[in-house]
Amino acid sequence: MKRFCLLTAAFCVVLVATLAVAAAAAPQGKLEIFSWWAGDEGPALEALIALYEAKYPEVTVINATVTGGAGVHAKAVLKTRMLGGDPPDSFQVHAGQELIGTWVVAQRMEDLTWLFQEEGWFEVFPEDLLALISTDEGIWSVPVNIHRSNVMYYIPENLKKWGVEPPKTWDEFLAIAPSLQEQGVIPLSLGENWTAIHLWESVALSYLGPDKYDDLWEGKLSWTSPEVVGVWELFGRILEYTNPDAPSLSWQQATDMVVAGQAAFNIMGDWASGYMSVTLGVKPEEGYGWAPSPGTEGVFMALSDSFGLPVGCPNRENTIAWLKTIGSKEGQDTFNPLKGSISPRIDSDLSKYDVYLQSAARDYQSNRIVGSLAHGTVANERFMNDFATVMDIFLANKDPQAAAYAAQAVAIQSGLVK
Amino acid sequence: MHTRREHLAAIVTILPSIILLGIFVYGFIANSIYMSTTDWGQTAAMSLDPQIESVGLDNYRDLFTGFLNVRFRQDLVNMFFFTLLFVGLSLLVGLVLATIIDQLFWGETFFRTVFLYPMSLSMVVTGTIWRWILQPRGGINVLPTLIGLPPGKFLWLSSRDQRLVFDWSHLLHYACWVLLVVLAISAYSQWRQGKKGRLAWHLVICGVLAGLIASRVLTRLRLLPYPEMHGFNDALWGVVIAAVWQMSGYTMALYLAGLRTIPSELREAARVDGGSELQIYRYVDLPLLKPITASAIVILGHIALKIFDLIFAISSPDHYPTSMPAVTMFLKAFRGNELAVGSAIGVILFFIVSLLIVPYLIVSFRREE
């Protein structure tokens with residue numbers, strides 16, 4: 001009994017001592033970064049954090065990631081944390097309506113116009129991009145990367161074998177598709193529901209043109225207008241040349257079909273080029289080729305990951321320092337080559353990027369920029385959630401008029417159309 | 001007899017659990033019901049203090065008759081067919097396996113472990129594995145090529161074919177059909193038991209239902225202003241196979257235990273009376289397994305009604321042919337920011353599951369008394 005008491009007392013002393021030492025050694029500030037960049041994208045985020053820690057050594061950075069599902073899980077966790085009054089210092093969010101329609105209208109984000117002025121970012125971010133990420137009341141996040149959505153990938157060697165050229169318009173695609181089918185090749189590979197929305201937005205951009213496409217998201221073009229019904233009709237005709245088992249394929253598997261020679265073309269964002277170069281070992285230009293998706297030459301459909309400043313975040317000064325780091329030229333040129341995306345700044349150092357990314361950056365700096373639907377730039381989360389249902393209805397019954405009415409109903413209910 | 005002190009001690013011990021249950025279970029159920037009668041923040045659901053206005057039963061009305069909620073109605077149909085197939089097949093496969101294992105001379109422990117093992121996996125793991133196996137491009141469809149036959153053509157989870165297609169507007173009409181079938185089976189069992197009085201009532205109600213169906217009078221009562229076709233999606237077969245693979249070991253273990261507890265005197269007596277093995281199985285064993293069947297139905301039923309993780313893992317979140325109400329609830333609340341609608345779906349699920357559990361509880365409490 002006596003020995004037991006002595007042992008317990010000794011254990012408690014050691015415990016308290018350890019805690020005291022730990023407490024004394026803890027740095028003054030903390031910074032919690034919430035994202036879904038784990039796995040392949042982890043090294044890029046870690047390089048950015050290393051850069052921040054080099055500049056601000058007294059701050060401990062907590063890298064809080066929630067993996068998987070392209071952010072579905074992370075966004076759910078984020079919502080429960082924000083609703084519970086425990087906001088992270090900064091969180092990854094797609095710049096544009098995904099942020100504005102969820103957090104800005106809920107008055108949870110601070111306006112960053114003063115930061116943009118201080119850092120001189122109005123001169124280095126293109127105007128089209130600034131228009132997409134701000135509202136009348138201000139600018140809400142700092143974009144750290146830009147991905148392009150309207151890219152068509154193919155293997156040049158295979159196309160030569162099959163005797164076709166990359167189509168410049170969807171009419172050209174519909175003309176060459178039957179000959180590809182006769183040779184036992186799927187003309188366009190497709191994956192699960194969100195990749196169908198990804199394809200739809202390229203088709204919509206080419207059919208409507210960038211001006212009417214923008215009108216659609218500003219509520220000036222009705223979803224039941226003949227132009228938009230025409231988009232659904234064209235989309236239905238294109239779908240006839242896709243693989244019937246699309247719903248069970250992930251986007252990687254759809255890209256695999258192109259690399260393996262089972263499919264001719266695939267429309268995907270430029271993370272597919274990172275997947276092909278790094279994971280599949282197919283080199284850009286020598287192994288795979290790319291072109292703007294048919295009918296969208298000269299237009300860059302952009303999506304952007306960004307970080308903002310939540311109202312009531314625990315370490316505001318550290319967060320502002322983080323935002324300055326990620327918006328700086330050094331920060332973006334450290335992060336983006338590793339991530340496989342390009343920097344939103346027009347003064348980015350292109351020598352650090354690979355062949356594909358250099359071509360994308362040249363397009364970004366010269367093209368007209370519009371926003372992506374599937375990736376949260378132009379429509380809020382409620383619209384995207386219900387639009388996924390509209391898309392699945394269309395995939396089942398291929399009725400353009402029904403899809404147009406459903407999309408208009410979704411647009412009204414989610415506040416896109418007043 | 002308990003003394004007053006023991007009685008008090010018992011209450012004090014139980015009180016913390018009751019309080020916690022009261023807050024975290026019943027309190028939150030009440031909160032969800034309240035939330036489902038509001039519009040929770042309208043377009044700004046994530047605010048620190050959202051604008052909340054009461055909308056009564058509008059959310060429910062919209063779920064059942066709203067144009068855009070065709071997905072939710074398909075979910076209900078999917079859930080109904082999935083529950084029927086999953087529970088039925090699990091019971092059947094479990095019974096067959098248990099009967100076979102009961103007869104084995106050796107290897108019983110081995111086979112019992114092998115068949116019970118899938119139950120230890122998380123449904124997410126099951127969903128992921130079966131998603132790969134059921135890919136139309138590889139997996140099961142490649143099996144016939146091993147013996148020289150052409151590869152399978154069924155699209156499994158990607159299939160958009162439907163059978164038993166019906167119009168949601170005429171749902172009451174089809175509900176009559178289901179009721180008729182159930183009552184006919186019940187009437188047959190009453191006839192076998194010789195209960196003439198209850199049989200008469202059953203036949204009267206069957207007659208009324210048959211009359212309603214034949215005259216199609218219920219089709220005048222349209223639940224929706226336009227026709228909306230739903231049916232049994234062929235894609236559900238893949239989900240049913242994965243779920244039965246996981247849970248049939250559980251029913252097998254239940255039935256095996258049940259078969260073992262049947263007193264051998266009953267079987268001996270039946271053999272002495274001249275019954276064959278098959279007759280013994282049918283008239284002695286199976287009736288005594290009824291309580292096990294009932295409890296297995298309740299357990300498997302509530303798993304099937306609330307299923308989420310298997311569906312989320314086995315198919316994409318927006319794939320309607322395999323969607324279920326729990327998945328839609330998650331997406332509506334946490335992806336679409338429509339917290340009130342998510343709560344409404346949750347409350348509907350709660351009522352559907354309690355329709356299954358509450359009668360079972362009532363019957364088992366009555367039996368104890």
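Here are a few things to note about the model shown:
- All positions within the stretch B:83-111 that are among the small types (Gly, Ala, Ser) and within 12 Å of residue B:255 (Cβ to Cβ): B:90, B:94, B:98
- Conditions (1) polar (S, T, N, Q); (2) closer than 30 Å to residue B:64 by Cβ; (3) in the same structural domain as residue B:314 (by TED's automatic domain parsing): number failed by residue B:186: (3)
- Residue within the stretch B:288-308 that is within 14 Å of chain A (Cβ to nearest Cβ) and at pLDDT 90 or above present: yes
- Of the residues making up the stretch A:26-70, just one is among the acidic types (Asp, Glu) and part of a loop (DSSP other than H, G, I, E, B), namely A:58.
- Any hit, the stretch B:126-137, residues being surrounded by fewer than 18 Cβ atoms within 10 Å (Cβ to Cβ) and more than 28 Å from residue B:94 (Cα to Cα): yes
- So residue B:239, is it in the same structural domain as residue B:108 (by TED's automatic domain parsing) and in contact (Cβ under 8 Å) with a residue 40 or more places away in the chain: yes
- Among the residues of the stretch B:29-57, those identified as in a helix (DSSP H, G or I), more than 14 Å from chain A (Cβ to nearest Cβ) and not small (Gly, Ala, Ser) are B:29, B:33, B:34.
- Residue A:102 being buried (at least 23 other Cβ atoms within 10 Å of the Cβ), in contact with a helix residue (DSSP H, G or I) (Cβ under 9 Å, 6 or more places away or on another chain) and within 14 Å of another protein chain (Cβ to nearest Cβ): yes
- Filter result (under 22 Å from residue A:385 (Cα atoms) and of a type in the set (A, V, I, L, M)) within the stretch B:28-51: B:35, B:44, B:45, B:46
- Only one entry in B:142, B:114 is of a type outside the set (S, T, N, Q), closer than 24 Å to residue B:251 by Cβ and either in contact with a Gly (Cβ under 9 Å, 6 or more places away or on another chain) or facing another protein chain (nearest Cβ under 10 Å) (or both), namely B:114.
- Unmet requirement for residue B:60, which otherwise passes all of (1) among the aromatic types (Phe, Trp, Tyr); (2) within 14 Å of chain A (Cβ to nearest Cβ); (3) closer than 26 Å to residue B:228 by Cβ: (2)
- The residues on offer are A:297, A:317, and the sole one that is among the acidic types (Asp, Glu) and not assigned by TED's automatic domain parsing to the domain that holds residue A:269 is A:317.
- Of A:280, A:350, A:309, all but one fail to be over 22 Å from residue A:202 (Cα atoms), over 17 Å from the mean Cα position of the chain (by Cα) and surrounded by 20 or more Cβ atoms within 10 Å (Cβ to Cβ); the exception is A:309.
- Qualifying residue in the stretch A:226-238 (condition: farther than 18 Å from residue A:373 by Cα, assigned by TED's automatic domain parsing to the domain that holds residue A:155 and in contact with a strand residue (DSSP E or B) (Cβ under 8 Å, 6 or more places away or on another chain)): yes
- Residue satisfying condition, being surrounded by fewer than 18 Cβ atoms within 10 Å (Cβ to Cβ) and aliphatic (A, V, I, L, M), within set B:254, B:236, B:278: B:278
- When the stretch A:390-418 is limited to residues that are within 11 Å of chain B (Cβ to nearest Cβ) and part of a loop (DSSP other than H, G, I, E, B), the one that is modelled with the highest pLDDT turns out to be A:398.
- Count of the stretch A:230-255 residues which are in a loop (DSSP other than H, G, I, E, B), within 12 Å of another protein chain (Cβ to nearest Cβ) and touching a helix residue (DSSP H, G or I) at 6+ places or on another chain (Cβ under 6 Å): 1
- Counting only helices (runs of 4 or more DSSP H) that sit wholly inside the stretch B:259-369, those with at least 2 residues that are more than 30 Å from residue A:75 (Cβ to Cβ), among the hydrophobic types (A, V, I, L, M, F, W, C) and touching a residue at least 60 places away in the same chain (Cβ under 8 Å) are B:290-305.
- Taking the stretch B:142-247 as the region of interest, the helices (runs of 4 or more DSSP H) fully inside it that hold 2 or more residues being under 29 Å from the mean Cα position of the chain (by Cα) and more than 30 Å from residue B:318 (Cβ to Cβ) are B:171-193, B:196-215.
- Residue check for residue B:160: surrounded by 16 or more Cβ atoms within 10 Å (Cβ to Cβ), at pLDDT below 90 and either over 30 Å from residue B:285 (Cα atoms) or touching a helix residue (DSSP H, G or I) at 6+ places or on another chain (Cβ under 9 Å) (or both): yes
- Helices (runs of 4 or more DSSP H) contained in the stretch A:271-372 and holding at least 2 residues more than 30 Å from residue A:89 (Cβ to Cβ) and free of Cβ contacts under 8 Å to residues at least 12 places away in the same chain: A:355-366
- Residues that are part of a loop (DSSP other than H, G, I, E, B), in contact (Cβ under 8 Å) with a residue 24 or more places away in the chain and under 24 Å from the mean Cα position of the chain (by Cα) within the stretch A:183-229 comprise A:190, A:191, A:192, A:219, listed in sequence order.
- Across the stretch A:333-347, the number of residues qualifying as under 16 Å from residue A:306 (Cβ atoms) and within 16 Å of the chain's Cα centre (by Cα) comes to 7.
- Test for residue A:387: is it under 16 Å from residue A:232 (Cβ atoms), within 10 Å of chain B (Cβ to nearest Cβ) and touching a residue at least 40 places away in the same chain (Cβ under 8 Å): yes
- If you go through the stretch B:149-176 and keep only what is under 21 Å from residue A:191 (Cα atoms) and polar (S, T, N, Q), you end up with B:158, B:159.
- Beta carbons closer than 6 Å, at least 6 apart along the sequence or on distinct chains, pair a first residue in the stretch B:70-90 that is away from chain A (no Cβ under 14 Å) with a second that is assigned to a helix (DSSP H, G or I) and β-branched (Val, Ile, Thr) for B:85/B:240; B:86/B:240; B:87/B:297; B:89/B:244; B:90/B:244; B:90/B:251.
- Applying the criterion of at least 1 residues that are closer than 20 Å to residue B:308 by Cβ and in contact with a Lys or Arg (Cβ under 9 Å, 6 or more places away or on another chain) to the helices (runs of 4 or more DSSP H) found wholly in the stretch B:70-133 leaves B:70-103.
Here is a yes/no grid of residues against (1) over 20 Å from the mean Cα position of the chain (by Cα); (2) small (Gly, Ala, Ser); (3) under 25 Å from residue A:304 (Cβ atoms); (4) modelled with pLDDT of 80 or more:
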residue	(1), (2), (3), (4)
A:3	yes, no, no, no
A:14	yes, no, no, no
A:28	yes, no, no, no
A:34	no, no, yes, yes
A:59	yes, no, no, yes
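The values are calculated or read from the model by the stated rules, or taken from the named source; none is laboratory data. None of these values were measured; they are calculated from a predicted model. For neighbour counting, all protein chains shown are included, and Cβ atoms are generated from backbone atoms with ideal geometry for every residue, glycine included.
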